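Input: a single structure, listed below in structure tokens.
Values in this text are rule-based calculations from the coordinates and carry no lab data. What you see is a predicted model; the values in this text were computed from it and never measured. Please note: Cβ atoms are built from the backbone with ideal geometry, for glycine as well, and neighbour counts cover all protein chains shown.
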Amino acid sequence: MKYKLVLLLCVCGWPLEKTHAAINRTFPVNFKFGAASASYQVEGGWNVDGKSENIWDHICHEKPTYVANQDNGDIACDSYHKYKEDVAMLKDLGVDFYRFSISWSRVIPGGVAGSPVNQLGLDYYRNLVQELVDNGIEPMVTMFHWDLPEALQELGGWPNPELEDHFVYYARTLYKELGDLVKHWMTFNEPKQTCLGGYGDGDKAPGYTSSGVADYQCTHILLKTHAKAYHIYDEEFRAEQQGSVGIVIDTAWFEPASGSDEDKEAAERGLQFTFGWFANPVINGNYPQVMIDRIDERSAGQGFEISRLPKFTDEEIEYIKGTHDFVALNFYTATYAQWLEEADINDLGYYSDLNILQFPDDAWEETVTSWFRVVPWGIRKAVNWISKTYDNPEIFITENGYPDAGGLEDDRRINYHKEYLSNLLEAILDDGVNVTRYTVWSLMDNFEWTSGYNDKLGLYSVDFEDPDRPRTPKASAAYYKQVIATRCLVDVCE
Ligand code: NOJ
């Protein structure tokens, strides 16, 4: 079958849209395919077998209107009881790996360093990991996917420097108990959402709105904590376990709104304030210079004696630098970035520190989620930018997926994955970018944070009205299965 190549050029000379760009070429033999989920979004079992409350349990119970339809994750997909079915689904898809997260409050209900480990909680993950390995599926484990034990939030949450010791105790427990079978660890998922969402914008638990201060404090502690967890692996476990450790960072692609130097600068600043905020420290040791300069200057103008962006000492810079074995990217969409006149000095917050205008192109396909448009070429540009900016690291796509309102005949989702994968293939084969893994978000429909169960992103549908939470494969599951089996996006590859 022949596919038509549609090539438009935008003002800045980048290919704006290529339909089915590398559609009939084959993925390299070492390329791996997977699917993902996260503990609070799928497990349920919120208070069983010794698990304590985490910040999402807490906010859903104490402030039910925080989430659409007053939904919560009390039962979710009930994966706590149905993990064997989940693994059977993964096996049927033929994935190489499953990315899932561990619930800290299930494993260490008290949260603090030195408090008892909950054997039943640990057994659940041991059983899941064993089931995966027995079925030839690699476990890829996220240690923290936003569900902080409530006991630690009561100590102030991530802006409290003590969290470092508590997390390191948790991380060490996981390496010790599961590291014989788990070879890929991710410390944090999307720290921008934990810090900006949780302590700045308030659209993630615990829902605080102290942008420009608490979000930067949170990031600072979290980055130091990541570095410590990485070094602990190096010092105590790597020689024997031979695994790898990274951190998962999300960004949209920021496309300059015009060919002007100002808009190009705005787009680069957008990437640095989003991806670079975390990637630059773990790769090069410190925050991006543009963040340091802008936040220092605006803080001084606002009368702060010290910058709102905390400083790393020289020793800390050396310690944080290089704490990654791979670069993990969650990627969904793109935005235009336009240069703005400097924000009023009295505006205090991350967005005025960043100070760019973001908006979509009307031509980009809309989805059920307001901020989310389908922009397949964005993924190619994003991985190219990462490759150039950070000296060609190995990149894992740890999330990519499409939200809709439900239904088993999900043609738009199939199209989404086909187009994004096709652009990724071009990045690999034509641009020489070192991307080695792709992960569909998500294995099944689940609790989509403040959208509750409204937005569906799964390859499998889950009936949330039925107490058994039956799963049914969508058309996209069959498509992904075929892609994995043939390493090809269409019926026949060259
Ligand atoms: C990012 C998050 O890691 C995941 O939890 C979420 O469900 C997806 N993106 C989709 O919004």
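Got the relative contact order for segment 388-494 handy, in percent, Cα pairs under 8 Å and 6 or more residues apart?
Relative contact order, segment 388-494: 30 percent.
Remark: for residue pairs LYS204/LYS321; LYS91/LYS204; LYS381/LYS418; LYS32/LYS183, the C-alpha separation exceeds 26 Å in LYS204/LYS321; LYS91/LYS204. Entry note, the chain: relative contact order of 18 percent, from Cα contacts under 8 Å with a spacing of 6+ residues. Restricting to Cα pairs below 8 Å that are 6+ residues apart, what does the relative contact order work out to for segment 295-451? Please round to a whole percent. Computed over segment 295-451, the figure is 23 percent.
Scoring 433-442, 458-467, 32-41 by mean Cβ neighbours within 10 Å over their residues and listing the highest first yields 32-41, 433-442, 458-467.
Scaled to the globular estimate 2.2 N^0.38 Å, the Cα spread of segment 336-494, given as radius of gyration, is 1.23.
Apply 1/(1 + (r/R0)^6) to the Cβ-Cβ distance of ASP203 and ALA475, taking R0 = 30 Å, and write down the FRET efficiency to the nearest 0.05. Could you put the intermediate results ahead of the total?
Working: r = 32 Å, r/R0 = 1.05.
According to the calculation, E is roughly 0.40.
Computed extension gain for VAL133 through VAL490, at 0.36 nm per residue and net of the alpha carbon distance, reaches 125.6 nm. Of the three principal axes defined by the Cα atoms of segment 116-199, the extents in descending order read 40, 28, 16 Å. Put simply, the Cα atoms of the chain extend 62, 56, 48 Å along their principal axes, the longest span coming first.
Highest mean first, what order results for 92-98, 252-258, 240-246 on Cβ atoms within 10 Å? Before the final figure, lay out each step's value.
Numbers: 92-98: 21.1, 252-258: 23.0, 240-246: 17.1.
For the peptides 92-98, 252-258, 240-246, the packing ranking is 252-258, 92-98, 240-246.
Quick check on the chain: helices-only [θ] at 222 nm, where DSSP H runs of length 4 and up contribute -39,500 (n - 2.57) each and the sum goes over total residues. Nearest 500, please.
On the way: 17 runs with 178 residues, N = 494.
-10500 deg cm²/dmol, from helical runs alone.
Amide H contacts under 5 Å for ASN72: none, restricted to partners 5 or more places along the chain or on a different chain, H placed in the peptide plane at 1.01 Å from N.
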